There are 2 protein chains.
Amino acid sequence: MSRAVWQVLADKGFGGLTLRAVAAELGSTTGLLTHYFPSKRELLRHALDVAQEQGERLARPDAGAEGLAGLRAALLFVLPLTPEATVMNRVWVSFWDAALGDPELTAYEARRYERWRGLLRPHVEAALRRGELAAGSDVDDVVAGAAAFGHGVVTQALFDPDRFPPERQVALVDQYIAALR
Amino acid sequence: MSRAVWQVLADKGFGGLTLRAVAAELGSTTGLLTHYFPSKRELLRHALDVAQEQGERLARPDAGAEGLAGLRAALLFVLPLTPEATVMNRVWVSFWDAALGDPELTAYEARRYERWRGLLRPHVEAALRRGELAAGSDVDDVVAGAAAFGHGVVTQALFDPDRFPPERQVALVDQYIAALR
């Protein structure tokens, strides 16, 4: 079931997530699926769990890097540099439509963003301790700025992979990190 | 008709754009609307035109600023700093779901991004001429980086306006511009 839900998300995004699409993927009937998901909302909740799990399965490179090198690795991790990471990004960006239209999902996405910024924060704190950032830099602002830059590269690369091949995405992050120093 | 389509986009995003929703907004019938929009695709095309027109109606501040000051003004222009700009951003971010699921719409969004980068480019070129950027900076990369930063602030602010009030969004852009110098 989870595999079928993930396949629908990967192919069609959250906008294409319907009981009918999941049933087709399973070779099942919509009627049978309503036993598992009495409503679209239940299906959406399950899909969010599935997308979260898939994200956690992606290999994290350079987990040992510290300071700005760690921030760089953490940003590269979210970029669509591989087919798997591209699918993951397509799924999450597609979720923003549903998330903006529903207060509960808006709050869910706000928490997800806050968790992500929480993963970036220790690297920024270490960079500050190591003197890689100007003394007195505001940690929360550097974190939010880095998150902004990363996601903005993601969206441009998703729509225009020819102009934003992996090596250019990496170069942009390197330039951003260099400017922080 | 255009007003009703815009109202549906503003309230529900592209994901909620249906003939039924537009008909309800108009106090009309779905059947009548199919004379104007024989298919969902026609409705979507009209909605894209309407969203584009609405965006062009927003007042552009600081049109006279040059170099990095001009780049700053152009980035502030896209941020959700006012209710009108917030609605505009909600509409466009919601479009990304539909755009990622359809090659024609992906190409549309890639062109729209390229047009936007084209609006930022003259400011970056001027900044380079004025010596506000390191000699030898790659104009296309600075432009893409600035676009990335701007849109990444947009998405974080849309989901978490309490953490990203207008004054913080402006401060983040100011820090980004300062780091470019």
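All of the numbers you see were taken from the coordinates with simple rules; none came from a lab. The model shown is predicted, which means the values in this text are computed figures rather than measured ones. With ideal geometry, Cβ positions are generated from the backbone for all residues, glycine too; neighbour counts draw on all protein chains shown.
Report the paramagnetic label zone for residue A:102: residues of the range A:41-56 whose backbone N is under 20 Å from a point 7 Å from Cα along the Cα-to-Cβ axis.
So the set is A:41-55.
At R0 = 51 Å, how high is the FRET efficiency between residue A:34 and residue A:135 if r is their beta carbon distance? Nearest 0.05 is fine.
0.30
Distances in nm, one decimal, shortest first, from residue B:174 to the same residue in every other copy, taking the label point 7 angstrom along Cα→Cβ.
Counterpart label points of residue B:174 in the remaining copies fall at 3.3 nm.
Got a sec? How would B:154, B:87 order by Cβ neighbour count within 10 Å, fewest to most?
Values: B:154 27, B:87 16.
The order, fewest Cβ neighbours first, is B:87, B:154.
7 Å along Cα→Cβ for the label point: how many nanometres lie between residue B:29 and each equivalent label in the other copies, listed shortest first?
Its label point is 3.4 nm from the equivalent points in the other copies.
Between residue A:115 and residue B:20, what's the calculated FRET efficiency when r is the beta-carbon distance and R0 is 30 Å? Round to 0.05. Could you put the intermediate results ahead of the total?
Details: r = 36 Å, r/R0 = 1.22.
With R0 = 30 Å, the Cβ-Cβ based efficiency is 0.25.
Around residue B:92, with a cut-off of 10 angstrom between Cβ atoms, what is the net charge of the other residues, counting Lys and Arg +1 and Asp and Glu -1?
Details: positive: B:90, B:112; negative: B:109.
Spelling it out: positives minus negatives among the neighbours equals +1.
Given the Cα-Cα distance of residue B:56 and residue B:41 and 0.36 nm per residue of separation, how much length would full extension add, in nm?
So the chain would gain 3.1 nm between residue B:56 and residue B:41.
Please go through the range B:31-103 and write out the chymotrypsin sites (Phe, Trp or Tyr not before Pro) that DSSP classes as loop and that have at most 16 other C-beta atoms within 10 Å.
Counting only loop positions with at most 16 other Cβ atoms within 10 Å, none of the chymotrypsin sites (Phe, Trp or Tyr not before Pro) in the range B:31-103 qualifies.
Can you tell me the length gained on complete extension of the stretch residue A:181 to residue A:163, counting 0.36 nm per residue apart and subtracting the Cα distance? Each step should come with its number before you reach the end.
Numbers: separation 18, 0.36 × 18 = 6.48 nm, distance 2.69 nm.
So the chain would gain 3.8 nm between residue A:181 and residue A:163.
Sort shortest first the distances from residue A:102 to its counterpart in every other copy, using label points 7 Å along the Cα-to-beta-carbon line, and give them in nm.
2.2
Give the order of A:58, A:76 when sorted by the count of other beta carbons within 10 angstrom, beginning with the fewest.
A:58, A:76
What are the ³J(HN,Hα) values, in whole Hz, obtained from phi via the Karplus relation 6.51 cos²θ - 1.76 cosθ + 1.60 with θ = phi - 60°, for each residue of the range A:26-39 in sequence order, with x given for Gly and Pro?
7, x, 10, 10, 4, x, 4, 5, 5, 5, 7, 10, x, 9
Arrange the following residues from fewest to most other Cβ atoms within 10 Å of their Cβ: B:1, B:88.
Fewest to most other Cβ atoms nearby, the residues stand as B:1, B:88.
Along the range B:149-155, what does the Karplus equation 6.51 cos²θ - 1.76 cosθ + 1.60 (θ = phi - 60°) give for ³J(HN,Hα), rounded to whole Hz, x for Gly and Pro?
These are the phi-based 3J(HN,Hα) values: 4, x, 5, x, 5, 4, 5 Hz.
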